[in-house]
Each structure stands twice: as structure tokens, then as C-alpha cells.
Amino acid sequence: MDLVTLAQRPDVPVYGIPYPPDSPRFMEGSLASLLVRGRRVARLWPHLVVALLDGGEPVARGVMVPFRGRGSLPARGWDEVAVWAAEDALDGVAPDTACALEIAVHPEHQARGHSSVVLEAMREAVAAAGLASLVIPVRPPDKAAVPHVPMGDYALSTRPDGLPVDRWLRTHVRAGGRLEGVAPCSATVQAPLADWRRWTGLPFDRDGAVVVPGALVPVLVSVTQDFAVYVEPNIWVSHPVAGVPRA
Ligand SMILES: CC(C)(COP(=O)(O)OP(=O)(O)OC[C@H]1O[C@@H](n2cnc3c(N)ncnc32)[C@H](O)[C@@H]1OP(=O)(O)O)[C@@H](O)C(=O)NCCC(=O)NCCS
């Protein structure tokens, strides 16, 4: 196994790693994600894109963007950091923080601890970039099984051993991550009902809150106005960076 950044190995097809087939398709409707699309991040911040190679083939990636901290972590989590990173790049503002926007493990290589290895490599890449902190708006996937439970309650649910019930939050805590709070409106998708029907196969024929497979909270639907809005809460997690005392 080898760990590289795209700055070291620009030839690695890191974005070729697919998502699992059951991943929610509706996230492709995220507008903010267009600002930080793969090609752009790879061009602007190749030192913040980490790949784990197995026999030379990429099996996991970790993607970060840099930004200048603006006080507290934003309630509009993932979306707001995507905007801040783009704004700071446009305005020439020097960053002091890295935010992980994505960690993905090839579906055929999951459940082998690769994500922890990538997390560690991300922390090293952040230290090497001279950035003072690493934060992540974590999307706890198992929350989709309990869409009506408030995210704050879910994040604090622990097993008898004290670790989070959610497997992905658990991985972050084991790796030294600290839960900093809920980002209640972190990732948003607003789209006409035709898009939602195409993404989900559901009818979207009544107003109100609709439970959609893979969604962490219900999707809010207006048949009258022909749109639905998904407002995904995430959990802000901070990770230690080598050589930097924790706040
Ligand atoms: C979330 C993800 C990065 C985890 O990576 P991974 O390397 O497979 O995770 P690990 O091997 O470290 O396993 C972490 C925990 O999840 C569990 N797990 C992993 N895959 C699982 C699966 N398919 N079903 C149930 N549990 C699973 C592991 O058993 C482990 O639990 P433990 O704490 O009881 O040991 C990976 O599943 C993934 O790429 N998902 C799609 C993209 C995504 O959702 N990324 C996160 C948001 S950006």
C-alpha cells in the first residue's frame, strides 16, 4: 500500500474510485459541490488530495479544500466551506484551515480500515501544507435509518463502550477526532420534482416531509410549487494536526 498526494502523483486517477451503487443519487443536485468539483480541486490544491494505492491502483481518496477560518464553524457546514474556499481562492486570501469534503473507499475495498489510513494521511498533508487545523462536516450514513431523529441526539448516541453508534462517526472518534457540534443545514439540494423522481424513483405526489432512502432527514416537498428541498445536517468534527496544539 502507498499513500500519495496528487501533487506527488498527478497521474493517479483518484476520481475514478466509484461510490457504492446504493449511494443516494440526489446528492448530484448539490449546487455548492460545483464550486469544488474534482478537476478544479485537483488543479488548485493537489497537495490536499490524498490517494491510497494498492498495487499501484487507487482504492481510497481523501479530498480537502483550504480556507481562512471565520470564527466559529458554520451552521451551513459543507456548502458554506465550499463557498468560502472558492471565495478565498478568488480573492487571494491566505488559508489557515483545511476542510475535508470527501473520503471515499472503493466499494470492493471497504471495511478494511482504509478510511483511517486516509484520515491519517490527510492530517499529515495538512501539517505539510502549514495549515493549523483540519475540520470535517461528517455525514453519518447510518442516520438514514432514523430520519426523524434529531441529528444532535443521533450524534450523541453511544454504544456500551462509549463510542458513537454510527460507524463513520466511530471511525473519526477512534482516529482522534472531536465532535464539535451539529451543522444543521450542511448540504442542500433543491430541485424540480422531475429531478427528484428521476433520482429516487419515488412519485413525489404529495406535499410535506417525505422519507427518501439514503437521506439523513426527510425531504421537504411542494407539489404545488413543483420543487423539493433536502437540507442535510452533518456533524462538525475536528482532527489534531501534527505539531499544532489543539484549541
Ligand atoms: C464511509 C467509508 C469512507 C468508510 O470506509 P471504510 O474504509 O470502509 O471503513 P472502515 O473499514 O474503517 O470501517 C469503519 C467502520 O464501518 C464498518 N463498515 C464498513 N463498511 C461497512 C458496511 N458496508 N456495512 C456496515 N458496516 C461497515 C466497519 O466494520 C467499521 O466498524 P467498527 O467500528 O465496528 O469496526 C466508506 O464506506 C465509503 O467510501 N462510503 C461511501 C462514501 C461516503 O459515504 N463517504 C463518507 C462521507 S464523505
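Taken together, the values in this text are just the output of simple stated rules run on the coordinates, not laboratory data. Quick caveat, the model's predicted, so the values are computed rather than measured. Please note: Cβ atoms are built from the backbone with ideal geometry, for glycine as well, and neighbour counts cover all protein chains shown.
Taking the Cβ of each residue in 134, 163 as the centre, tally the other Cβ atoms inside 10 Å and list the residues starting with the fewest.
Taking fewest neighbouring Cβ atoms as first place, the list is 163, 134.
Once the C-beta distance of residue 23 and residue 223 is scaled by a Förster radius of 25 Å, the resulting FRET efficiency is 0.40 to the nearest 0.05. Taking a ≥ b ≥ c as the square roots of the Cα gyration tensor eigenvalues, region 98-178 comes out prolate, since a/c reaches at least 1.5 and a/b is larger than b/c.
Taking trypsin sites (Lys or Arg not before Pro) in DSSP loop states with no more than 13 other Cβ atoms inside 10 Å as exposed sites, the chain has its longest site-free stretch at 113-205. Considering the chain, its Cα convex hull presents a mean projected area of 13.8 nm². Secondary structure note: in the chain, about 95% of the DSSP beta bridges are antiparallel. Using only alpha carbons, region 106-149 has a radius of gyration to Kirkwood radius ratio (Rg to Rh) of 1.11.
Against the globular-protein guess of 2.2 N^0.38 Å, express the Cα radius of gyration of region 112-247 as a ratio, rounded to two decimals.
1.25
Its residue count N sets the reference 2.2 N^0.38 Å, and the alpha-carbon radius of gyration of region 46-115 equals 1.32 times that reference.
Going by neighbour counts of Cβ atoms within 10 Å, the residues 106, 148, 47 line up, fewest first, as 148, 47, 106. Averaging the sequence gap over all C-alpha pairs within less than 8 Å and six or more residues apart, then dividing by the number of residues, gives the chain a relative contact order of 21 percent.
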